[in-house]
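Notes to accompany the following structure.
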Amino acid sequence: MHPQPLFDLFGQHVYAYGICMAVGIIACFAFLMLAFYLRNFNEEASDKILVIGVLATAFGIFMAMVFQSVYNYIENPSAGFRLDVSMTFYGGLIGGVSSFLIVWNLYVFVIAPRAKSKLLSNNMNASLSDALPIIPIGITIAHAFGRLGCFFGGCCYGAQTDEWFGIACQSIGGMNTGVKVIPTQLFECIFLVVLTAVMIVLYFKFAFNCNFGLYAISYGIWRFFIEFARDDHRGELFGLLTPSQFWALVMVVLGIGYFFLYKYWLKKFMKHPELQPSVKQKKNSPAQEASSAEEQ
């Protein structure tokens, strides 16, 4: 673990945690760009999904801080409410996904049908239903790097242990220690890498279109049980569950619901860009097409 700043840049401390976060976000969007290209999304579809995704990511980071601040307030109301720079993943996920869906539907169903500008018109060859099997893969990529950042930052650590897999934690409660703890951050990072690989294989090899449901159920179950090994107290809900366990159960329920939502509704809206003529072919000029016809 390395909670201390790595170096200074323009007078600001740069931490390993921040670098991992930044690399994770970049890797996420790089993968999405590649996946959209491989699945024949046209330029407009790729650009608009990515732009809305960037906005949703920024709002998600803000909501991650808000959620953590609310947890802090519930735990200690006497300290008052203040926006904490620390973050919680579920706040980011809920904020990011909800804001993405709001902006996307606002554009597709309200703005685009009334737009007079070509820039705002909807000429995408893919729908959100086509992108949903890909987006959770990007989320797990970013999240895996984020958990690696948590390990370096000394947060989200597990309970003390003398087992062989224990790792000395340099920062517990803001104090440098040599106490060995369960490296729950690394375990979760490994889990997310495996889940990423599984979703990639299912989607690109077997045309599995319910990755979002698989992601929600798998991560929800994982997070519910890994909470029993964690020791960075984030408060309790209902006197029984941690806030993360509550949201984990919500994720599992929503994941199950997604399979039914896809089967009876979302599936109808898929445009299947991978089955359409190649975007590259559409860019051929009339002269090239005429030349090709003459050669035949």
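The values are calculated or read from the model by the stated rules, or taken from the named source; none is laboratory data. Fair warning: this is a prediction, and the values are worked out from it, not measured in the lab. Glycine gets a Cβ as well: all are built from the backbone with ideal geometry, and neighbour counts include every protein chain shown. What goes into the accessible areas is simple: the full protein's heavy atoms, side chains included, and nothing from ligands, DNA or RNA. Shrake-Rupley method; radii C 1.70, N 1.55, O 1.52, S 1.80 Å.
Any residue at all in segment 9-26 that is surrounded by fewer than 18 Cβ atoms within 10 Å (Cβ to Cβ) and at pLDDT 95 or above?
The answer is yes; a qualifying residue exists.
Among the aromatic types (Phe, Trp, Tyr), in contact with an Asp or Glu (Cβ under 7 Å, 6 or more places away or on another chain) and open to solvent by 20 Å² or more (accessible area, probe 1.4 Å): is that true of TYR157 in this structure?
Considered against the rule, which asks whether it is among the aromatic types (Phe, Trp, Tyr), in contact with an Asp or Glu (Cβ under 7 Å, 6 or more places away or on another chain) and open to solvent by 20 Å² or more (accessible area, probe 1.4 Å), TYR157 comes out as yes.
Filter segment 218-243 down to the residues that are touching a strand residue (DSSP E or B) at 6+ places or on another chain (Cβ under 7 Å) and within 16 Å of ASN72 (Cα to Cα), then identify the one that is modelled with the highest pLDDT.
Here the residue is PRO243.
Only one of these is open to solvent by 30 Å² or more (accessible area, probe 1.4 Å), in contact (Cβ under 8 Å) with a residue 40 or more places away in the chain and either under 30 Å from SER278 (Cβ atoms) or not aliphatic (A, V, I, L, M) (or both): ILE94, ILE139. Name it.
Going through ILE94, ILE139 in turn, just one is open to solvent by 30 Å² or more (accessible area, probe 1.4 Å), in contact (Cβ under 8 Å) with a residue 40 or more places away in the chain and either under 30 Å from SER278 (Cβ atoms) or not aliphatic (A, V, I, L, M) (or both): ILE139.
Just to be sure before I move on: is LEU148 over 17 Å from ALA35 (Cα atoms) and modelled with pLDDT of 90 or more in the structure I sent?
Yes.
Look at TYR215 and say whether it is open to solvent by 20 Å² or more (accessible area, probe 1.4 Å) and not in a strand (DSSP E or B).
no
Please work out which one of (1) under 26 Å from LEU32 (Cα atoms); (2) in a helix (DSSP H, G or I); (3) at pLDDT 90 or above is the condition ASN209 fails and give its number.
(2)
Can you tell me how many residues in segment 116-153 are of a type outside the set (S, T, N, Q), over 29 Å from ILE200 (Cβ atoms) and in contact with a helix residue (DSSP H, G or I) (Cβ under 9 Å, 6 or more places away or on another chain)?
Number satisfying all stated conditions: 1.
Picking from VAL54, VAL14, VAL97, VAL66, which residue would you name as being within 20 Å of GLY154 (Cα to Cα) and of a type outside the set (Phe, Trp, Tyr)?
Step by step, each of VAL54, VAL14, VAL97, VAL66 is checked, and only VAL14 is within 20 Å of GLY154 (Cα to Cα) and of a type outside the set (Phe, Trp, Tyr).
Considering PHE191, PHE212, PHE208, which residue is under 17 Å from the mean Cα position of the chain (by Cα), closer than 19 Å to PHE260 by Cβ and touching a residue at least 12 places away in the same chain (Cβ under 8 Å)?
Going through PHE191, PHE212, PHE208 in turn, just one is under 17 Å from the mean Cα position of the chain (by Cα), closer than 19 Å to PHE260 by Cβ and touching a residue at least 12 places away in the same chain (Cβ under 8 Å): PHE212.
Six or more apart or on different chains, Cβ under 6 Å: which pairs go from a residue in segment 27-56 that's over 10 Å from MET124 (Cα atoms) to one that's open to solvent by 40 Å² or more (accessible area, probe 1.4 Å) and not charged (D, E, K, R)? Could you list them?
Matching pairs, first to second residue: ILE52/VAL103.
Output the number of residues of segment 246-260 satisfying the condition of being surrounded by fewer than 20 Cβ atoms within 10 Å (Cβ to Cβ) and either in contact with a helix residue (DSSP H, G or I) (Cβ under 6 Å, 6 or more places away or on another chain) or among the acidic types (Asp, Glu) (or both).
Going through segment 246-260 one residue at a time, the tally reaches 3.
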